[in-house]
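Structure record follows, encoded as structure tokens.
The values are calculated or read from the model by the stated rules, or taken from the named source; none is laboratory data. Just so it is clear, the model here is predicted, and its values are computed rather than measured. Using ideal geometry, Cβ is built from the backbone for each residue, glycine included, and neighbour counts are taken over all protein chains shown. Heavy atoms of the whole protein, side chains included, go into the accessibility calculation; ligands, DNA and RNA do not. Shrake-Rupley method; radii C 1.70, N 1.55, O 1.52, S 1.80 Å.
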Amino acid sequence: MNKIRTRYAPSPTGKMHVGNLRTALYEYLIAKHEDGTFVLRIEDTDQERYVDGAIDIIYRTLEGAGLIHDEGPDKDGGYGPYVQSERMKSGIYLEHAKKLIEKGSAYYCFCTKDRLATLKKAVGSVSEDEEDEVKEINKYDKHCLHLSKEEIEKNLADAIPYVIRQNIPQDGTTTFHDAIFGNITVDNDELDDMILIKSDGFPTYNFANVVDDHLMEITHVVRGNEYLSSTPKYTRLYEDFGWEEPEYVHLPLITNEDHKKLSKRSGHSSYEDLIEQGFLSEAIVNFVALLGWSSPSNTEIMSLEELIRDFDYRNINKSPAVFDMVKLRWMNGEYIKKMEEDKFYTMALPYIKVAIKKDLDYKRIADLVKTRIETLCDIGDIIDFFYELPDYDVEMFTHKKMKTNSENSLDVLRELLPRFEALEDYSETSIESVIMSYVGEKQIKNGQGLWPVRTAVSGKQSTPGGAYEIMSILGKEESLYRINIAIDKLVRI
Ligand code: GLU
């Protein structure tokens, strides 16, 4: 069997969306599972759609996600160049199109825009948002296929602008095999004579893609199922050239929770947006891997190594995959819990510093939040009380289960205040022993001592860490100040 070669072939047209990342990931996993080669090829022949900076996003995303390519523009593996606009310079696409012309599988087309527009009219105009339909009914009528050799030569000599079109037979059918969707057969008369070389001399995406997949000896082509309708035209090109087709793997749609197509406008759909929202790269990759595929053991949390080991593209699901934000958040939380403490500290520090603009023990705060968040962006909300005591409601001292109310809380705080004042060593353990010996003396429940203190120093119903941890992080002066505020609040009712 040939060595597996897969490619991620993005067009640099903007952000790298979750769907693109999934394609890249599956290509990577298919290659790595078989010890094959993962190639990065930049498909930039559509000058109009080119977006500055998009190539950098592709590099940053692949690197951030750990999908390291073996060959690409920056890593020659003998199949370069790996950027289509550079490949074009050697004339390979035109050369291949001409080979098809010789075989009668392609032809020069000199039709003007005006003539093509009349064709469109002949089948009726369609609104812009039904663009796909336009393509289908706006079929080229093969007018230029019937030009004589002399007419073609004269037009070329007169430098009349032309495109080169694929010549698809009007009868018969075309069948291709897809690893996920099975055999798909279409009637040839449904297929348009698509343009292979545009009037500016650039190949179309469709043509360059097929030529390059062949020349780069790509064995598996993974892409979104929106390409299924174009694939018969690729199949015809492979047949016309006499080349072997790669294994096609068309991926199911990704929808949002409402089962609508994931829109590029919704913020959560790009890798870099997700990173900005506090998700970890490992969690994003793990989550994306499960958008349409699951491991045979149904394990959810899987590292990239485990994915490489278990991934089998033949088990990809046909039905749409739902981008479930709740699941991604849960998964991210699991990754944060598992993370090594120092690594987490480094990642959490910028978020902690934004929320707490004063000098506290950030490392201890990081340790407290690690098991209590789902994304790094959750940090701010749960630690902001360290920076500033919120204006809380005195009702918070009343807690049924803890058997506390405003009266007994006031007693507890008043009686504990001098003991805290007297405390020299403000460590967690000494604060703990002050509260515990008080609780013992008074023969009250632990909660009756702890709840009022924690409420007073945090102003929050739930906090990362308990009374001792919070007090020792805040320090003596700030803790006493907060307890005094609580006493004032309780006195005033
Ligand atoms: N350049 C195409 C894209 O970015 C690649 C499609 C394919 O993988 O064949 O969508």
So if each residue of separation counts as 0.36 nm, and I subtract the Cα-Cα distance between residue 430 and residue 314, what length gain in nm does that give? 35.7 nm
Measuring from label point to label point, each 7 Å out along Cα→Cβ, what is the residue 147 to residue 301 span in nm? 6.5
Accessible surface, per residue, of the stretch 254-406 when the full set of protein chains is kept, probe 1.4 Å, Å²: 53
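Among the GluC sites (Glu not before Pro) in the stretch 375-483, which ones are in a DSSP loop with at most 11 other Cβ atoms within 10 Å of the Cβ? Mind listing them?
Values: sites: 388, 395, 407, 415, 421, 424, 428, 432, 441, 469, 477, 478; in loops: 388, 424.
Here the GluC sites (Glu not before Pro) that fit, given the DSSP loop and packing criteria, are 424.
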Compute and list, largest first, the equivalent-ellipsoid semi-axes of the stretch 388-445 from the alpha carbon gyration tensor, each √(5λ) rounded to a whole angstrom. 21, 16, 10
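So which of 32/337; 15/353; 353/401; 233/318; 89/142 end up more than 31 Å apart, counting from Cα to Cα?
353/401
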Calculated Rg and Dmax of the stretch 191-279 using C-alpha coordinates, Å: 17.0, 50
Length gained, residue 405-residue 76, 0.36 nm per residue minus C-alpha separation, equals 111.2 nm
Counting only helical runs of four or more DSSP H residues, what would the 222 nm mean residue ellipticity of the chain come to if each run contributes -39,500 (n - 2.57) and the total is spread over all its residues? -14000 deg cm²/dmol
How many percent of the alpha carbon pairs in the chain exceed a separation of 34 Å? 53
What residues of the stretch 94-122 lie in the reach of a label at residue 154, counting those whose backbone N is under 19 Å from a point 7 Å from the Cα along Cα→Cβ? 108-112
For the stretch 428-493, the fraction of alpha-carbon pairs in successive 10 Å shells from zero, as %: 21, 54, 25, 0
Would you kindly find the accessible area of residue 70, with a 1.4 Å probe and non-protein molecules such as ligands, DNA and RNA excluded, rounding to the nearest 10 Å²? 60
Rounded to 0.05, the calculated FRET efficiency for the beta carbons of residue 381 and residue 50 at R₀ = 35 Å is 0.30
Spacing of the two label points (7 Å from each Cα toward its C-beta) at residue 217 and residue 294, in nm: 3.8
Setting aside same-chain residues fewer than 8 positions from residue 363, which aspartates and glutamates have a Cα under 18 Å from its Cα? 340, 341, 342, 378, 381, 384, 428, 469
Provide the FRET efficiency to the nearest 0.05 for the residue 189-residue 63 pair, computing r from the beta carbons and using R0 = 45 Å. 0.45
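Which net charge results when you count Lys and Arg as +1 and Asp and Glu as -1 among the other residues whose beta-carbon is under 10 Å from that of residue 40?
-1
Beyond 16 Å, how much of the Cα-Cα pair distribution for the stretch 251-326 remains, as a whole percent? Don't skip to the answer; put the middle values down first.
Details: 1500 of 2850 pairs.
Of all Cα-Cα pairs in the stretch 251-326, 53 percent lie more than 16 Å apart.
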When the convex hull of the Cα atoms of the stretch 335-493 is projected onto a plane and the area is averaged over all directions, what value comes out in nm²? 9.5
Over the chain, cysteine residues that find no other Cys C-beta under 4.7 Å are 111, 377
Once the Cα atoms of helix 325-338 and of the chain are each reduced to a long axis, what angle between those two axes, in degrees from 0 to 90 to the nearest 10, is obtained? 60
Additional length obtainable on full extension of the chain from residue 243 to residue 491, 0.36 nm per residue less Cα span: 80.5 nm
Taking a cut-off of 27 Å, what percent of all Cα-Cα pairs in the stretch 230-378 are separated by more than that? 40
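Does the stretch 139-227 classify as rounded, prolate or oblate by the C-alpha gyration tensor (a ≥ b ≥ c root eigenvalues; a/c under 1.5 gives rounded; else a/b over b/c gives prolate, otherwise oblate)? Don't skip to the answer; put the middle values down first.
Working: a/c = 2.96, a/b = 1.62, b/c = 1.82.
Oblate, since a/c reaches 1.5 and b/c is not below a/b.
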